[in-house]
Every structure is written in structure tokens, then in C-alpha cells.
1. Taking the dipole about the Cα centre of the stretch 154-212, with the C-beta of Lys and Arg at +1 and of Asp and Glu at -1, give me whichever of G171, I197, G208 is farthest to the positive side.
2. Note down the nm distance, to one decimal, between modelled labels 7 Å out along Cα→Cβ at A18 and at R164.
3. Picking from T166, T253, T210, which is most flexible by a Gaussian network model of the chain using Cα springs under 10 Å?
4. If you average 1/r across every pair of different Cα atoms in the stretch 116-194 and take the reciprocal, what Kirkwood value do you get, in Å?
5. From Cα pairs below 8 angstrom and at least 6 apart in sequence, can you work out the relative contact order of the chain, rounded to a whole percent?
6. How many nm separate the modelled label positions at D262 and S31, each set 7 Å beyond the Cα in the direction of the Cβ?
7. Sorted from largest down, give the three principal axis spans of the alpha carbons of the stretch 232-297, whole angstrom values.
8. Taking only Cα atoms of the chain, what ratio of Rg to Rh do you get with Rh as the Kirkwood inverse-distance radius?
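Derivation of every value follows stated rules applied to the coordinates shown; laboratory data play no part. Nothing here was measured: the structure is a model prediction, and the numbers come from that model. Don't worry about glycine lacking a Cβ; one is built from the backbone with ideal geometry, like all the others, and counts go over all protein chains shown.
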Amino acid sequence: MTQPTLADVATAAGVSVATASRVLSGARFVSDDKAKAVRKAITSLGYRHNAVASALRSQRTETVGLILPRYSTGFLSALIESVSDALDDAGLSLVLRYSSDGEAHDADTVEALLARRVDGMIICPPSEEVSRDAIAAAGRVPVVQVGRFIFGNSTDSVGLDDHRATDLLVGSLAASGARSLLSVGLSADVPADARRIGALRASCAVNGLTFVDAIEADAVLAGGVAAANRLVDTGLEVDAVVCANDDVAHGLTTVLRLNSVDVPGQVQVASLLDVSFDDGDSRAITTLRHPWEAMGQEAVRLLLDAFGGGGTAGARRVTFAPQLLLGASTRGVTD
């Protein structure tokens with residue numbers, strides 16, 4: 001039995017062969033109606049795309065590399081699923097790699113993907129120190145940074161609107177009676193953190209709070225524990241603390257309560273990043289959930305646009321607003 005061809009698919013869908021090809025490759029935009037018609041024809045005819053032959057013709061491998069930090073959190077799982085689904089819809093394959101501490105390893109990870117001749121990369125940078133050289137090397141193919149933006153003006157990025165995020169969080173704390181605030185787990189020496197500290201200061205000014213200090217600490221549970229011990233030893237002179245993420249907030253809250261500090265009665269604690277992805281009704285920490293699904297889809301869209309020559313001069317920046325989730329660490333809700 002003769003296998004159906006792409007021309008057969010195009011005829012059945014009532015589109016040109018070029019349009020059917022674009023639906024398969026995802027290289028350029030095709031209207032939803034035409035894309036649905038092509039996919040319906042593919043299913044009804046039993047057409048099987050020959051990726052090897054297509055790669056030889058187009059000089060593309062139809063693969064995309066995704067590089068993520070090497071730690072396990074709910075938001076990374078959501079990002080992987082979102083990117084994978086969007087690439088599947090475009091007929092592209094995902095090659096997943098993790099970065100580790102150390103600049104050489106991260107650059108080597110990029111070089112390994114380039115050796116596989118991926119058509120582009122989506123990178124979630126763990127830090128400027130680790131990622132600068134890697135992202136520069138990856139610039140030989142289209143690159144989209146997701147989650148945070150840390151380097152240069154030649155790569156597109158999808159991230160959070162820092163000012164909208166801090167306005168949501170600080171506004172909630174102010175409405176619950178907070179009048180002074182400090183941050184824990186953000187470093188002024190890290191560009192991405194410095195932007196968040198600046199956004200917190202601006203939000204405090206708008207909401208009538210005094211921004212007292214930015215306490216540096218590792219952005220992990222132990223960092224929150226260490227910061228809380230320092231605050232207890234030196235005397236707690238604020239009524240709100242904003243932490244880099246939920247892990248820091250959990251460590252800080254636990255130690256404060258063990259030292260008879262009433263959270264949230266005396267001090268409210270909140271987080272800039274939901275890492276648990278817990279959908280339960282009873283939350284321990286007030287936090288911000290990033291729209292990772294939408295961010296992953298947008299990262300793929302920007303990459304496909306670059307494949308099709310649709311990119312503009314200079315880097316494109318797309319930002320999203322987070323969702324505020326109230327928990328028992330602030331006075332917005334009660335236990």
C-alpha cells in the first residue's frame with residue numbers, strides 16, 4: 001500500500017503543500033482553521049512525517065534544547081510540560097539538559113546541544129555567573145531565556161513583571177497592617193535580585209511602607225533559618241519580611257516561631273516565588289505563583305517566530321503578572 005505524501009495531506013486539507021509543511025514544522029504562523037484542517041487530514045490519511053528526510057532538505061534537525069537549573073521544584077515540572085506540549089504541537093522534539101554549579105559545566109552543556117545541531121534553545125538561567133558565557137555561546141542559534149533575563153541584548157526573554165509582582169505582595173501586606181519591611185534571600189550584587197529589591201523599594205514607597213534592609217542569604221531553607229537566627233539575635237524591628245522563595249520563607253517562619261515570635265501576629269512573612277505548586281486550600285506561606293504554563297508557551301512561540309524569520313531587530317521582552325496566593329504566614333487569612 002502506497003504511503004500518503006505531504007501533497008496528499010495538502011489536497012485533503014484544501015491548502016498548499018507549503019502551508020501543510022509549515023503546520024508540521026511550526027516554522028511560521030498558520031491560521032487555526034488551516035492548521036486544524038491539516039492535522040485532521042494527517043489523522044484520516046495516516047500520514048507519517050519523515051523527520052530525517054525533512055531535516056536533510058531543510059538543514060534543520062527539528063529539535064530544541066531546554067536547559068534548566070539542577071534542582072527539583074514544581075515550577076520546573078510545569079515549565080517542562082508546557083514547553084514539551086507546545087513543541088509537540090509544532091512537530092518539534094525536545095532535548096532536555098540540566099545545568100550545574102560552575103561556569104564550565106553550563107557552557108559545556110550548551111556546546112553539547114550545539115553538537116547535536118539543535119535548531120534553537122530555551123534556557124532558564126540559574127545565575128549570571130553560571131550562565132553568561134553559556135548564553136553567549138548558545139547565541140549561534142536562536143535563544144529564548146525564560147524565568148529570568150540575565151545577559152545581553154541579543155536574546156529574547158519571557159519572565160515576570162517584577163513591579164507588578166511586588167505591588168501585589170506589598171499591597172497585600174500593607175492592607176494587613178504592615179508598615180516596615182525587609183527582604184531575605186536577595187542579593188544586591190546579583191542583577192536579577194537587584195531588580196527585585198528595586199521593585200520592592202518602589203512598591204513600599206507607593207504603599208506607605210518603610211523598606212528597612214535587604215538581608216543576603218542562600219535562597220534555600222537553610223538560608224531562611226540562618227537569616228531568622230540573625231534577626232532574633234539583633235532584634236526584629238520590622239513587621240513584614242519578603243523572602244526570595246517559599247523555601248526561605250518556611251525556614252525563616254519556623255525559626256521565628258520557635259523563638260516565640262508570633263507569625264503573622266507580630267511579623268508577616270511572604271514569598272516572591274511559589275516553589276511548592278501546592279494547590280491545597282490550606283497554605284502555610286503567602287506567595288506569588290508564576291504563570292509557568294503561559295511562559296513556556298510564549299517561549300516556544302518566540303523561538304518558532306525566530307525560526308521563521310519573524311524576529312525583530314534587538315531582543316524581545318515579554319512579561320507576565322503572577323497570581324497572589326494567600327497563606328497562614330500573613331494576616332490575609334487565618335489558620
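1. Toward the positive end, the furthest listed residue is G208.
2. Going by the 7 Å Cα→Cβ label model, 3.7 nm.
3. Among T166, T253, T210, the largest mean-square fluctuation in the Gaussian network model of the chain belongs to T210.
4. Details: mean 1/r = 0.0680 Å⁻¹.
For the stretch 116-194, the Kirkwood estimate is 14.7 Å.
5. The normalised contact order for the chain reaches 17 percent.
6. 6.4 nm
7. So the extents along the principal axes, rounded to whole Å, are 46, 22, 16.
8. Details: Rg = 23.4 Å, Rh = 21.8 Å.
Here Rg/Rh amounts to 1.07.
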